[in-house]
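Taking it in order: structure first as structure tokens, then the write-up.
The values are calculated or read from the model by the stated rules, or taken from the named source; none is laboratory data. This is a predicted model, so every value here is computed, not measured. Counting neighbours? That spans all protein chains shown, and the Cβs are built from the backbone with ideal geometry, glycine included. Calculation scope for accessible area: heavy atoms of the full protein, side chains included, ligands and nucleic acids excluded. Shrake-Rupley method; radii C 1.70, N 1.55, O 1.52, S 1.80 Å.
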Amino acid sequence: MRRSAAAGVAAPGAGAGAGAGAGPGAETSAGVGAGPPAATAPTPVAQAPAPALRQTLRTEFPFQLPRGYVDESGTVHQDGVMRLATARDELVPLRDVRVQENPAYLSVVLLGRVITRLGTVPMVHDGIVENMFASDLAFLQDFYRQINAEGHTRAAVQCPHCAEPFEVELGGSRLGES
């Protein structure tokens with residue numbers, strides 16, 4: 001009750017940042033015979049400033065296949081979207097009989113789960129991935145590894161001489177690259 005009564009006594013025109021009891025003479029009487037400390041309003045706790053930009057987690061990543069998937073009508077599909085994999089995406093294919101018989105099939109089943117769009121193909125599944133060119137499969141395997149295990153490999157830097165910002169590639173995906 002004390003806090004709400006003190007807030008109601010605030011001087012008219014006191015801004016939103018002004019504390020309770022910040023009326024005329026509050027600065028001069030504080031601490032100099034102003035009475036018991038309980039009569040003054042509690043000091044507001046300083047809040048940390050809110051971050052200027054709130055980063056959101058990016059979960060989908062566009063890609064373009066080097067050759068493209070050719071569907072049964074002969075249409076070539078190159079543009080697609082892959083989402084981040086979940087633990088379930090990596091565990092469920094291990095129960096698949098095809099993967100148990102041939103571990104190399106794991107990437108086909110896994111990619112069929114995480115590719116959310118491929119051109120105008122209505123639904124992407126492991127049968128679609130199975131019929132892709134080997135170069136496109138290798139591209140998708142590298143892309144999967146990049147977005148799920150390594151994240152992006154570019155970093156924003158600034159030239160020490162001219163202070164011009166630019167991006168550099170931090171790591172290669174093949175032996176001997178840097």
| remark: Looking across region 111-132 at residues that are closer than 15 Å to Gln64 by Cα and among the polar types (S, T, N, Q), the single one that is nearest to the chain's Cα centre (by Cα) is Thr116
| field | Complete set of residues in region 85-105 that are in a helix (DSSP H, G or I) and within 24 Å of the chain's Cα centre (by Cα) | value | Ala87, Arg88, Asp89, Glu90, Leu91
| task | Tell me which residues, restricted to region 114-141, are open to solvent by 30 Å² or more (accessible area, probe 1.4 Å), over 16 Å from Ala104 (Cβ atoms) and assigned to a helix (DSSP H, G or I). | result | Ser135, Phe139
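Kindly establish whether Val108 is modelled with pLDDT of 95 or more, within 27 Å of Ser73 (Cβ to Cβ) and part of a helix (DSSP H, G or I). Working first, answer last.
Values: modelled with pLDDT of 95 or more: yes; within 27 Å of Ser73 (Cβ to Cβ): yes; part of a helix (DSSP H, G or I): yes.
Yes, satisfied.
Per-residue answers, yes or no, for (1) out of contact with any Asp or Glu (no Cβ under 9 Å at 6 or more places or on another chain); (2) over 16 Å from Phe63 (Cβ atoms):
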| residue | (1), (2) |
| --- | --- |
| Pro93 | no, yes |
| Asp96 | no, yes |
| Pro103 | yes, yes |
| Leu110 | no, no |
| Leu118 | no, no |
| Met123 | yes, yes |
| Between a first residue in region 55-67 that is closer than 25 Å to Met132 by Cβ and a second residue that is open to solvent by less than 70 Å² (accessible area, probe 1.4 Å) and among the charged types (D, E, K, R), which pairs have beta carbons less than 7 Å apart while being 6 or more apart in sequence or on different chains? | Thr59/Arg83; Glu60/Arg83; Leu65/Asp136; Pro66/Asp136; Arg67/Asp136
| message | Please go through (1) in a loop (DSSP other than H, G, I, E, B); (2) at pLDDT 95 or above; (3) not small (Gly, Ala, Ser) for Arg58 and return the number of the only condition it doesn't satisfy. | response | (2)
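This table checks each residue for (1) without any contact (Cβ under 8 Å) to a residue 24 or more places away in the chain; (2) touching a helix residue (DSSP H, G or I) at 6+ places or on another chain (Cβ under 7 Å); (3) under 17 Å from Asp89 (Cα atoms).
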{"residue": "Leu111", "(1), (2), (3)": "no, yes, yes"}
{"residue": "Asp126", "(1), (2), (3)": "yes, yes, yes"}
{"residue": "Leu140", "(1), (2), (3)": "no, yes, yes"}
{"residue": "Tyr144", "(1), (2), (3)": "no, yes, yes"}
{"residue": "Ala149", "(1), (2), (3)": "yes, no, yes"}
| field | Close pairs (9 angstrom Cβ cut-off, 6 or more residues apart or separate chains): of a type in the set (Ser, Thr, Tyr) in region 68-94, open to solvent by less than 30 Å² (accessible area, probe 1.4 Å) and part of a helix (DSSP H, G or I) anywhere | value | Tyr69/Ile128; Tyr69/Val129; Tyr69/Asp136; Thr86/Val114
